[in-house]
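Structure first, commentary second.
The values are calculated or read from the model by the stated rules, or taken from the named source; none is laboratory data. Everything numeric here is computed off the predicted structure, so don't read it as measured data. Note that we place each Cβ from the backbone using ideal geometry, even for glycine, and neighbour counts take in every protein chain shown. The area values use the complete protein model at the heavy-atom level, side chains included, leaving out ligands, DNA and RNA. Shrake-Rupley method; radii C 1.70, N 1.55, O 1.52, S 1.80 Å.
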Amino acid sequence: MSRSLDRALVFAAMLLLAVPAQADELSLARKVKLLIDAYPQTLVGSEGGSILFGDGEPALPIDDGTAKDHARKLASGDIEDSLSQIYPAGPCETRPTVNFDPGRIRSEALMKRLYGGSAREVEASLVEIDWFGVKLPVTKRQGVAQALEKVRDALKTMPDLKIFLTPSAGTFNWRKVAGASNLSVHSFGAAIDLNSRYADYWIWAGGKPGRVQRRDNKFPMTIVDAFERNGFIWGGRWYHYDTMHFEYRPELLAIAKAAGATACRQTSSNANSVSRGR
């Protein structure tokens, strides 16, 4: 084999490791079932194209019947839109294609039903958890506080990672997404930002919607893996990236598992070495 061909094959293998494995298609009905199962405190089923709530409040349509481009989905997505892109989990980095933002598309109406429709209502469910010596307010609804404590306990066993984890850049903050009209998941006490010193954010990098500079991730994938194993997705998997950001979206992890979506190609002999990368 010539040296040039050998180099080409090695380069091709590296490219394969940089993208998520192909996921199986799941029906919307299957995705909705996994969504319902992820929030048993609040969601009890679906009927007639709507999600049903255990508190007896009006059902919420899954599809609002409006066709949207990516920008409209981000600004005013419905439940179907929020489940339209499959999140690839695993201890390997991925390089998202243009506008691949799984989880960044959200149904604000659903988030308000899960966590509270106003700052005061969300605040009523906040509890403080210890995050490496500092108290952080997060919601106890949907098991968020408990899940974040599990992340902390997993990462406590690796003290060399603490510099990435503290100081936290914030948890609860009732506010809109920067430069947008929709609420951030921080508004619901269901997100955490890690040490901003190591962060890369598409707007800080001078990006424009749909035209983003390549990200420079400095957070070890061990941290990402710990969060994903406990129901949190990572903003570093988005084309419009936010590498310090994690938010509680267990339905997307369940859908990923059911679809076989993974950030790592486990059949590769190099998968283990990639998983230990940044």
- line: Result for segment 141-190: accessible area per residue, probe 1.4 angstrom, in square angstrom, of 45
Cα long-axis angle, helix 3-17 against the chain (0 to 90 degrees, to the nearest 10): 10
message: Suppose R0 equals 35 Å. What FRET efficiency, 1/(1 + (r/R0)^6) with r the Cβ-Cβ distance, do Asp64 and Asp216 give to the nearest 0.05?
response: 0.40
message: I'd like the chymotrypsin sites (Phe, Trp or Tyr not before Pro) in segment 136-220 restricted to DSSP loop residues with at most 15 other Cβ atoms within 10 Å, sorted by number.
response: Trp204
field: Relative contact order, percent, the chain [alpha-carbon distance under 8 Å, six or more residues apart]
entry: 24
task: Starting with the highest mean, order 31-44, 125-138 by the number of other Cβ atoms within 10 Å, averaged over the residues of each peptide.
output: 31-44, 125-138
- prompt: Looking at Met111, Ala38, Tyr248, which one has the Cα that reaches farthest to the positive end of the dipole of the chain (charges on Cβ: Lys, Arg +1; Asp, Glu -1)?
  reply: Tyr248
- request: Let me know the shape class of segment 47-92, please: from the alpha-carbon gyration tensor, a ≥ b ≥ c as square roots of the eigenvalues, rounded when a/c is under 1.5, otherwise prolate if a/b is greater than b/c, or oblate.
  value: oblate
field: Only Lys, Arg (+1) and Asp, Glu (-1) charged, at Cβ; segment 107-193 dipole about Cα centre in debye
entry: 180
query: In nm, to one decimal, how far is the modelled label at Val127 from the one at Ser50, with both set 7 Å along Cα→Cβ?
result: 3.2
field: Per residue value of the accessible surface for segment 68-119 (all protein chains in place, 1.4 Å probe), Å²
entry: 34
- line: Distance in nm between Ser181 and Met158 label points, each 7 Å along Cα→Cβ, equals 4.1
- request: With a 1.4 Å probe and every protein chain kept in, tell me what percent of the accessible surface of segment 48-196 is carbon plus sulfur.
  value: 51
message: What does the C-alpha gyration tensor say about the overall shape of segment 98-230? Classify as rounded when a/c is under 1.5, otherwise prolate if a/b is larger than b/c, or oblate.
response: oblate
- prompt: Roughly how many debye, to the nearest 20, is the charge dipole of the chain about its Cα centre, given +1 on each Lys and Arg Cβ, -1 on each Asp and Glu Cβ, and no other charges?
  reply: 920
field: Rounded to whole Å, sorted largest first: equivalent-ellipsoid semi-axes of the chain, Cα gyration tensor
entry: 31, 23, 18
